[in-house]
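Let me begin by presenting the structure, written as structure tokens, before commenting on it.
The numbers here are math on the coordinates, done by the rules we state, and not lab data. Keep in mind the model is a prediction, meaning the values are calculated, not measured. Note that each Cβ is placed from the backbone with ideal geometry, even for glycine, and that neighbours are counted across all protein chains shown.
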Amino acid sequence: MPMEELGCSSGWGEQGKREDRRLAGVCGLANSGNSCYMNAVLQCLFSTVPLVEHLLSSHKRSQRNSPVAGVFVHLFQEVWQGQGGTSFTSPGEMRALVSSLHPQFNNQSQQDAQELLLLLLNALHDDLKNKGERRQTGSSQRLCLGRKSLSSAPAAGDSTVVTRLFEGQLSYQMLCLRCDGHSHSNQVFTILSLPIPLDSYKCSLQDCLSLFFQQSTLTCGDQKLCPECGVKRDTAVLTSMAKPPEILVLHLKRFGCHGSEKRKLRTNVLFSLDSLDLTPFLSRPSANHTSYSLYAVVNHTGDLDMGHYTALCHSTLSSSWHHFDDTTVSEVVDFLVQSPNAYILLYSRQPFHRPTIPQI
Ligand SMILES: [Zn+2]
């Protein structure tokens, strides 16, 4: 992918700071030992304008009773309010937070970016819902799809900026294949983990979505309890989108098992830049538009264990894309809408406006 170094021709100042000011919201992140997975995820959150604006406007760093939000606010301030104009910063405080939240991340080894993203969103939600952002909503069963290993899914019934932005709802229509009895359930999600068609060199994101939403039959150990029969039966399931989220986070399931062997799928996935259409997957026809624009991508290059994460994020201030590789930031001249490395894609339903964040 052709790239151009971000224009920073001047040297370092006496305190190790760039003498020229960088673009607000565009800031490299130091790698503290295999922490590229965290840096890539944080870049995507830095470019989530409504989240940044909300936290910077409603939470103060001094709010000691919101430790998670406090760490986010501190980082957002550094990146968006350009303290000192440094070209990169260190997310050490965030790393310490993540380690304290989940021991799995308390070491120097590479971790899964998607698991981290969900962990961060859950932690932020849990922090905010207990601290004055409480607003009751309907009671849906809340689960995080594709991520059952971490059990920190937020409780149902509390609305925060996290749920307002990232939460969608799936609908499952189930048909018992013995008695033809119908049943229905809903499931809340924050990240959709999409399967990639096997044995294909190239596919589209729409193919992955179609595979996710296609009718499936649950048999053997996956049988569902039929309310009519009173026992578990083979069940046909039709999945649809009951409530599309404001921000749609799609995780491509590149890591999987082939027999007993772990492997990474290097399928070249073509994705849409500004017209990802969810209409075919909606439970009900909607008058509101459900076409999404891409604003951030987490890439994973290399092998399963020895890989490297980077991020591509859109800046609403410069209307351009930047590539973030830890401390190295470069402007992307020719954005390619296909990649064998795209791992997480973040789409927004409404294009982000130019953020109004005062410089300090
Ligand atoms: Zn039945």
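Obtain the nm distance between the two label points defined at SER159 and SER57 by a simple spin-label model: each point lies 7 Å from its Cα along the Cα-to-C-beta direction.
1.6
Give the calculated FRET efficiency between ALA287 and ASN107 to the nearest 0.05, with a Förster radius of 45 Å applied to their Cβ-Cβ distance.
That gives a FRET efficiency of 0.35.
Tally Lys and Arg at +1 and Asp and Glu at -1 over the other residues with C-beta under 14 Å from the C-beta of LYS264: what net charge comes out? Provide the component values of the computation, followed by the final result.
Values: positive: LYS253, ARG254, LYS262, ARG263, ARG266; negative: ASP112, GLU261, ASP303, ASP305.
Once positives and negatives cancel, what remains is +1.
Rounded to the nearest Å, what's the spacing between the alpha carbon centres of region 326-360 and region 210-263? Just the number, please.
When both Cα centres are located, 30 Å separates them.
Can you tell me which of 65-73, 183-191, 45-53 comes out highest on packing, and rank the rest after it, using the mean Cβ neighbours within 10 Å?
On the way: 65-73: 20.0, 183-191: 18.4, 45-53: 22.0.
So the order, starting with the most tightly packed, is 45-53, 65-73, 183-191.
Search the structure for amide H atoms under 5 Å from the amide H of LEU218, placed 1.01 Å from N in the peptide plane, and list their residues when 5 or more places away or on another chain.
Sorted by chain and number, the residues that satisfy this are THR235, ALA236, VAL237.
Output ³J(HN,Hα) for region 24-40: one whole-Hz value per residue in order, computed from phi by the Karplus curve 6.51 cos²θ - 1.76 cosθ + 1.60 with θ = phi - 60°, and x for Gly and Pro.
Each residue's phi maps through the Karplus curve to give 4, x, 10, 8, x, 10, 5, 8, 9, x, 6, 9, 4, 4, 6, 4, 5 Hz.
Local charge sum around PRO340 (other residues, Cβ-Cβ under 15 Å, Lys/Arg +1, Asp/Glu -1)? Don't skip to the answer; put the middle values down first.
On the way: positive: LYS202, LYS253, ARG254, ARG263, LYS264, ARG266; negative: ASP199, ASP207, ASP303.
Summing Lys/Arg as +1 and Asp/Glu as -1 gives +3.
Could you check the spin-label model distance between ASP274 and LEU336? Points 7 Å from the Cα along Cα→Cβ, value in nm.
Output for this residue pair reads 2.2 nm.
What whole-number distance in Å separates the alpha-carbon centres of region 264-317 and region 80-128?
Each part's Cα centre sits 22 Å from the other's.
How many lysine pairs in region 223-286, separated by 8 or more positions in sequence or lying on different chains, have Cα atoms less than 27 Å apart?
Working: LYS224/LYS232; LYS224/LYS243; LYS224/LYS253; LYS243/LYS253; LYS253/LYS262; LYS253/LYS264.
Step by step, the pairs that qualify in region 223-286 add up to 6.
Which length gain, in nm to one decimal place, applies between ALA30 and LEU211 when the Cα-Cα distance is subtracted from 0.36 nm times their residue separation? Walk me through the numbers before you get to the answer.
Numbers: separation 181, 0.36 × 181 = 65.16 nm, distance 3.77 nm.
Full-extension gain reported as 61.4 nm.
Provide the gained length on full extension for the span HIS258 to LEU304, in nm with one decimal, where the gain is 0.36 nm per separating residue minus the Cα-Cα distance. It would help to have the intermediate numbers written out before the result.
Details: separation 46, 0.36 × 46 = 16.56 nm, distance 1.31 nm.
Fully extending the segment from HIS258 to LEU304 adds 15.3 nm.
Work out from phi, with θ = phi - 60° and the Karplus expression 6.51 cos²θ - 1.76 cosθ + 1.60, the ³J(HN,Hα) of each residue of region 282-292, listed in order in whole Hz, and give x for Gly and Pro.
Rounded to whole hertz, the list is 6, 5, 10, x, 10, 6, 6, 6, 10, 9, 10.
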